[in-house]
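Before any comments, here is the structure.
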Ligand SMILES: [Zn+2]
């Protein structure tokens, strides 16, 4: 049995979770469910990043102590994952005292090995990004992501000597020891590393809300360093992992905006302590909402919980991962989700299940013939090449091609079966006492569909197999309230 360790980023608790958080977390859950179903032991880690200026500021604006502020927001994340049917194995909080100990120990070891130096630093700091921006990063003097002017800061900080690891990182990424995907991101990161790595400040003098820097209580640990170490400290803290060779992660799932931290700073910190590198980092794209950048000012931020109320968790999970390739940028909107719901789910899948079962009942067919014994994966022929269905879909998962995985279920099973029924008209065949093998075919296809859909739409898959067993039809996707 393989052991697979999958992580989402730790999300900042400066605000309630939005659809972007949901996107990464759903994808991680789909992978986890898939690998679990294949008999692997999976550990899925998610959680919250609770230190730093950004959270201190948000707490201050709310008139709260940062820890109380975080304590109030954490349940919102936990509830959202529950609503979305995300089954993580641990929820990690960077304010966990056990984590703080691991972070201090980690940094102390970096220091002892001579990888940390104190230097003075002056630069432009974006609180939104929680990092210093170089002149080249700025657009019209502002952070391109946050559209705010960075603040000039002068500090005496502790620096991690990142520049020492340039060649080692290039080698690790080029050889595939550290696999970065999609390939465009890998090339982007390699290009940046080859331009030269600067040592990076890993402590903050002006930020009080953070883990005290070991050996210098006047400074706190840079929030990103604190957060990255969670992937390691989780493997030390949680009992379930005791018997695991759990570090490093097999898959770090992230958004493209935080690739630098994961693909450069984090691996360099690990190399510095002779720890193994994560196996794979996948950076997904960003989406616009109805063609516009998601922003508070525009007021187009989608709340995943409201979408669950309207469409159900499964439909939302489906629509988000079906709409565009996971590694690329795309667009999503409530209208698009509604369209997927009506076309693909209600009229596609729901209709196929409903009419197949109804016709089996109506025609008094031998019920014994319609029994799920065991799912025997089909053989597929795609472009003239034969595949085992299992391998074919597993390959899509391996490539993080969630959209292709779902597209192919619809294209190869649902659409063809619905067309077959339209063409063969079993209700007319029945009147003429003709062979109704078309229904048997559709039934078999539905068994396959419920098996394949399970990681994406667990509740739907469960309802489908129940109906396929009892032959009692029930609406899978009711009409949406307008
Ligand atoms: Zn910024």
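Since every read-out is calculated from the coordinates, none of them should be taken as a lab result. As the structure is a computational prediction, the values presented were derived from the model and not from experiment. Methodologically, a virtual Cβ is constructed for each residue, glycine included, from the backbone with ideal geometry; neighbour enumeration extends over all protein chains shown.
Fraction of C-alpha pairs exceeding 11 angstrom in the stretch 275-316: 75 percent, rounded to a whole number.
Across the chain the C-alpha pair distances fall into 20 Å bins from zero in the proportions 21, 51, 22, 6, 0 percent. Using alpha carbons only, how many degrees (0 to 90, rounded to 10) separate the axis of helix 389-398 from the longest principal axis of the chain? That helix lies at roughly 20 degrees to the long axis.
Fully extending the segment from residue 217 to residue 387 would add 55.2 nm, taking 0.36 nm per residue of separation and subtracting the current Cα-Cα distance.
In this rough spin-label picture, where each label sits 7 Å from Cα along the Cβ direction, the residue 195-residue 67 distance is 4.1 nm. In the stretch 130-183, the convex hull through the Cα atoms has an average projected area of 5.9 nm², a quarter of its surface area. For the stretch 267-391, averaging the sequence separation of C-alpha pairs within contact (under 8 Å, six or more residues apart) and dividing by the residue count gives a relative contact order of 19 percent. If the chain linking residue 171 and residue 36 were pulled fully straight, counting 0.36 nm for each residue of separation and taking away their Cα-Cα distance, it would gain 45.4 nm.
For the pair residue 469 and residue 437, a Förster radius of 25 Å applied to the C-beta separation gives a FRET efficiency near 0.75, rounded to the nearest 0.05. Note on 208, 185: ascending count of other Cβ atoms within 10 Å places them as 208, 185, the fewest first.
Ratio of Rg to Rh for the stretch 333-470: 0.98 [Cα atoms; Kirkwood radius as inverse mean 1/r over pairs].
Calculated on the alpha-carbon coordinates, the convex hull of the stretch 23-160 measures out at 177 cubic angstrom per residue.
Principal axis analysis of the Cα atoms in the stretch 3-284 yields extents of 52, 48, 39 Å, listed in decreasing size. Can you give the calculated 222 nm mean residue ellipticity of the chain, where each DSSP H run of n ≥ 4 adds -39,500 (n - 2.57) and the sum is split over every residue, rounded to the nearest 500 deg cm²/dmol? Mean residue ellipticity, 222 nm, calculated: -13000 deg cm²/dmol.
Let me know the shape class of the stretch 201-290, please: from the alpha-carbon gyration tensor, a ≥ b ≥ c as square roots of the eigenvalues, rounded when a/c is under 1.5, otherwise prolate if a/b is greater than b/c, or oblate. Verdict is oblate for the stretch 201-290.
Built from the Cα atoms of the stretch 92-189, the convex hull projects on average onto 9.0 nm², one quarter of its surface area. At full extension, residue 206 and residue 363 could sit 48.9 nm farther apart than now, given 0.36 nm per residue minus the alpha carbon distance.
As a rough footprinting exposure proxy, the listed residues 124, 81, 411 were ranked by other beta carbons within 10 Å of their own, and the order from fewest upward is 411, 124, 81. Across q = 0.12, 0.25 Å⁻¹, the stretch 303-379 modelled as identical point scatterers on its alpha-carbon atoms has Debye log10 I(q)/I(0) values of -0.53, -1.12, in the order of the q list. By the beta-carbon count within 10 Å of each Cβ, the least crowded to most crowded order of 85, 303, fewest first, is 303, 85.
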